[in-house]
1. Just the Cα atoms of segment 100-210, one point each, no solvent: what log10 I(q)/I(0) does Debye give at q = 0.12, 0.17, 0.21, 0.22 Å⁻¹?
2. With 21 Å as the limit, write out which pairs from K182/K417; K76/K123; K12/K395 have Cα-Cα distances beyond it, or answer none.
3. What whole-number distance in Å separates the alpha-carbon centres of segment 99-166 and segment 335-368?
4. Å³ per residue of the Cα convex hull, for segment 132-176?
5. How much length is gained on full extension from I113 to S463, taking 0.36 nm per residue of separation minus their Cα-Cα distance?
6. Based on Cα positions only, what radius of gyration and what Dmax would you give for segment 36-96, in angstroms?
7. For S101 and I87 in one chain, what is 0.36 nm times their gap in residues minus the Cα-Cα distance, to one decimal in nm?
8. Using R₀ = 56 Å, calculate the FRET efficiency as 1/(1 + (r/R₀)^6) where r is the Cβ-Cβ separation of V9 and L418; round to 0.05.
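What follows is calculated from the coordinates using simple rules that are stated; it is not laboratory data. Owing to the predicted nature of the structure, the values given are computational and were not obtained by experimental measurement. Positions of Cβ are backbone-derived with ideal geometry, glycine not excepted, and every protein chain shown enters the neighbour counts.
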Amino acid sequence: MALTHRLPVRQKLAYGFGAIAYSVPNQIMASFFLFYVTVILHISPMLAGIIIAISVVWDALTDPWVGHVSDRTYSKRFGRRHLYLLIGCIGTAVGTIFLWSIPPQASEVYKVIMLLILVLFTKTMLTFYGAPYFAISGTISNNYDERSSIQSYRATFHIIGIMIAIIGTTVIFFKSTPEFPKGQLNPAAYPAMGMTIALITLIVALIAVVIIPKDRKQATQDDDEQKINVWTLALESLANTNFRAMIVMIFLLEIAFQVSISIGFHVSTFTYNLTGPQIGIIGITVLLFSILSQPLWVQLSRRFEKKTALIWGMFLGIIGFSGIPMAFVFLEWFPLNHPQTVSIMIVFSMISGIGNGAFMSLPFSMVADVIDQGEIKTGKRQEGLYFGLYTFSYKAGISISVLIGGITLELIGFDSKLTAQSVETAYNLAMVPAWLLLALSPMVYWSASKYQLDRESHNEIISTLEQR
């Protein structure tokens, strides 16, 4: 069993640092892929949505499988997880370079084929890094509160990675030029962005492989003798009510919130008329307050339980994310194209960031607790499988949100060849994601409320495992 005492800060920093190599390329795809495909490569939103839908199915096959394989792997040199971290970081860097360097002037058939191949390859390699990386967090401590602290370090570095991605794109690569006043419309920015992101990913991941302690737990005799199908094990894990609650919650949550993010560049560019640096400032505000709120959520989870703190975070996130379109577009409380527009948006972004901070750390801590509960029934440590299923649900929600974003663009009449959209299209760009967020919020709350594992019951689980 993992140690129950508090870990040294240096060990938490070492583990958290590796999150940057996952969050940077992942955030690039989550935030800019649909904009890149539709506006820069001029692929129809519907066709872009189909490519994303195929990638969702592929994610379904790779996330739990890679996690399960890492559970059953043992190497004297690499332990259970580190070999996959190496494969994943190198592959992700290569895929990122080529994915963002597709020539806009190429034929549509060529662009669609290359997009499909490269997005599947890059996502697969990101899974090879991400699934084992998340699994490691379930092995370094089994203390109920310490896990929240560990995940707050991971979340902090994860958000730093997102900030690196956003700064690198909106501030450095998407600068205004005489030819492209809105720098995000400059096709030449994307290959340079891809190369830079790939280098950051590779360098950080290689450092993390060296400093993160290796998971040297060997597979049990039963694991070697019983070649159980990964999908059978996945179904068994989903029979756990608490784990199923987390899977459904994060899936619905990502759909609800990420539609706004997937077409966020469209909204910021064509509804709010913001420049690249202005978009970056607003995004960085959300992320900065996500980091600053981590100690708050750790303390609230210790005092009021993790689930209660998570639900509070959800309500703050709803207020912040839906507040901008409601206040500026639907209710028209504040005018657009005003000197104070960005300042007011920053206030809502602060609220969004505080709420978002809860979901960057607490769910991962809760999944780690569920893994202990699963070990009671199976006698096996399956961190890779559980976190693989969780990250699949997380990424599936994001991918489906991008698919919904593509369909939304198609239905509201978005024209990628225009530098300005109609008033009706600009209105719907902002409001459709807001209405979807408000509609799905009760379902997110319902699923989160089904999670019943608390400090007392988890302590009983740990006591039982230690007696074994």
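1. -0.61, -1.00, -1.24, -1.29
2. K76/K123; K12/K395
3. So the two Cα centres are separated by 21 Å.
4. Working: hull volume 2.6 nm³, N = 45.
Per-residue hull volume (Cα only) is 58 Å³.
5. Stretched out fully, the I113 to S463 stretch lengthens by 120.6 nm.
6. Values for segment 36-96 (Cα only, Rg and Dmax): 16.4, 50 Å.
7. Length difference between fully extended and current span is 2.8 nm.
8. E(calc), rounded to 0.05, equals 0.60.
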